[in-house]
Amino acid sequence: MRYSKTLLAAAGLAFSASAFSAGQGTPEEAHDLVVKAVAYYKANGQEAAMAALNDMNGQFVDRDLYVFVHDDKGVYYAIAPKQKFIGKNLSRIRDANGKFIVQEQIDALATSDSMWQEYHWENPVTRKIQLKKTYCEKAGGLQFCAGAYASN
């Protein structure tokens with residue numbers, strides 16, 4: 001069966017609106033999504049994991065939650081809502097208040113296996129800058145992170 005691009009786009013917008021109306025993700029759910037992503041990566045390898053993590057309709061995107069992955073230099077491997085970042089070094093990217101968020105993740109994970117962080121980032125559902133509480137965990141030379149947005 002063939003669908004027009006317009007119909008598919010409308011369905012995608014309806015899905016996004018209904019997904020957001022079901023509620024925002026929580027920090028606990030962000031943590032659990034990272035744990036799930038790391039387990040998937042360990043079981044299926046990097047290529048399959050990055051494909052799954054970059055699928056906007058896949059199991060690693062839930063409402064306003066999504067997993068993003070970068071290495072210890074800041075090069076991105078996965079970030080479903082902003083795939084233009086893939087392959088780019090974002091170690092110098094700042095949040096809305098000027099915090100070097102990726103560099104902070106890299107520095108913290110140099111001496112720990114996991115970390116929590118807060119910063120201000122654009123919510124992919126609302127398109128508004130919101131406080132985001134993010135959990136990150138190291139696995140196989142990569143850093144897997146997901147964060148929950150605070151309500152405004």
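Values in this text are rule-based calculations from the coordinates and carry no lab data. Predicted, not measured: the structure shown is a model, and the values here were computed from it. With ideal geometry, Cβ positions are generated from the backbone for all residues, glycine too; neighbour counts draw on all protein chains shown.
Here are the numbers:
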{"read-out": "If the convex hull is drawn through the Cα atoms of the range 24-149, its volume per residue in Å³", "value": "90"}
{"read-out": "³J(HN,Hα) computed for each position of the range 102-117 - Karplus, 6.51 cos²θ - 1.76 cosθ + 1.60, integer Hz, glycine/proline x", "value": "5, 4, 5, 5, 4, 5, 5, 7, 6, 10, 8, 7, 7, 6, 10, 8"}
{"read-out": "Nonlocal amide H pairs with VAL75, under 5 Å, H built at 1.01 Å", "value": "LEU90"}
{"read-out": "Normalised contact order of the range 24-149, rounded percent, pairs of Cα under 8 Å and 6 or more residues apart", "value": "28"}
{"read-out": "Most to least packed among 70-81, 138-149 [average Cβ atoms within 10 Å]", "value": "138-149, 70-81"}
{"read-out": "Rough spin-label spacing in nm, given labels placed 7 Å along Cα→Cβ, for ASP55 and SER112", "value": "3.2"}
{"read-out": "Integer Hz, Karplus 6.51/-1.76/1.60 couplings in order for the range 124-135, x for Gly and Pro", "value": "x, 8, 8, 6, 10, 6, 9, 5, 10, 9, 10, 10"}
{"read-out": "J(HN,Hα) series, the range 61-67, from Karplus relation 6.51 cos²θ - 1.76 cosθ + 1.60, nearest Hz, glycine and proline x", "value": "10, 9, 6, 9, 9, 7, 8"}
